[in-house]
Amino acid sequence: MLTGPHFPAESAGAPGGGDLIDRLNETRARIASAATRCGRSPQSIGLLAVSKSQPVERIRSLAEHGQRDFGENYLQEALPKIDALRGLGLCWHFIGRLQANKTRAVAENFQWVHTVDRERIAIRLSEQRPHYAAPLNICLQVRLADEPGKGGAAPEQLLELASTVSALPRLKLRGLMCIPPARDDFEEQYALFAQLAERQRELTARGFALDVLSMGMSPDLEAAVAAGATMVRIGTAIFGKRKAKA
Ligand SMILES: *Cc1c(COP(=O)(O)O)cnc(C)c1O
């Protein structure tokens, strides 16, 4: 249920949206200058606005300013928002931990899942993806550093997982995703993202047609772009600091 704080009237629709839209534009500018610095086209990097804990009105304001892609972590929170905004034609990305008993609702309501890390989940998503919908876009989540309790497939499991997912009829394997441990130093951030880019190159060399590297969050999007990110997932830099989840 959405029992979040109330946000001030900044997001009460056109005109403006005030700070929220300023931060959206600042984020776009950050991505563009990170891209330019490493000789990439800013258009080659998609912005996924991570709207967990944010109310429908703020998502609507961003949509009015051209933001199409939104990421959600918690199914129960996401479903009413997706429902309320259905007329806007937004693209919804599931980026949270995925349990087997939640796959059906994800397969029915999202266009993307970034956090597939095991076969069982992939098979269920494919079986449950409705036939009237396009195949579900999939990124495989990779665990780059050992952190207890974190999701993600181990790098040595990737090839097999990629083969399984590519063979599933209602899924479309698009690329890899990671949530590396937070680092303050650009070089350390870059080194982790570069590992994911390397895994992507290995899979591509084996014939998988992958076009998405989902990596980079508010504090480290510059390093992710430098390492080849094609989709950055940004919450705090757009929406401001989240309240802790109750
Ligand atoms: C919350 C979250 C983000 C956004 O993080 P910020 O630091 O707020 O930009 C990105 N990806 C995932 C998987 C998340 O859970």
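How long are the three semi-axes of the equivalent ellipsoid of the chain, in whole Å, if each is the root of 5 times an eigenvalue of the C-alpha gyration tensor, listed from largest down?
Numbers: eigenvalues 150, 106, 52 Å².
Ellipsoid semi-axes (Å, largest first): 27, 23, 16.
Which of 131, 114, 65 has the fewest other C-beta atoms within 10 Å, and how do the rest follow up to the most?
Numbers: 131 6, 114 28, 65 14.
Exposure proxy ranking, most exposed first: 131, 65, 114.
In nm, what is the difference between 0.36 nm times the number of residues separating residue 202 and residue 236 and their Cα-Cα distance? Working shown, then result.
Values: separation 34, 0.36 × 34 = 12.24 nm, distance 3.23 nm.
Taking 0.36 nm per residue and subtracting the Cα distance, the gain is 9.0 nm.
Could you pull out every residue, at least 5 positions away or on a different chain, whose amide H is within less than 5 Å of the one on residue 153? Hs are placed 1.01 Å off N in the peptide plane, and Pro or chain starts have none.
The answer is 141, 142, 143.
Taking 25 Å as R0, compute the FRET efficiency from the Cβ-Cβ separation of residue 209 and residue 133 and round it to 0.05.
Plugging the Cβ-Cβ distance into 1/(1 + (r/R0)^6) gives 0.75.
Using the basic label-point model (7 angstrom from Cα toward the beta carbon), what is the residue 36 to residue 172 distance in nanometres?
In this crude label model, residue 36 to residue 172 measures out at 3.2 nm.
Values in this text are rule-based calculations from the coordinates and carry no lab data. These numbers come from a predicted model, not from an experiment. In this analysis, Cβ positions are derived from the backbone assuming ideal geometry, glycine residues included, and neighbour counts consider all displayed protein chains.
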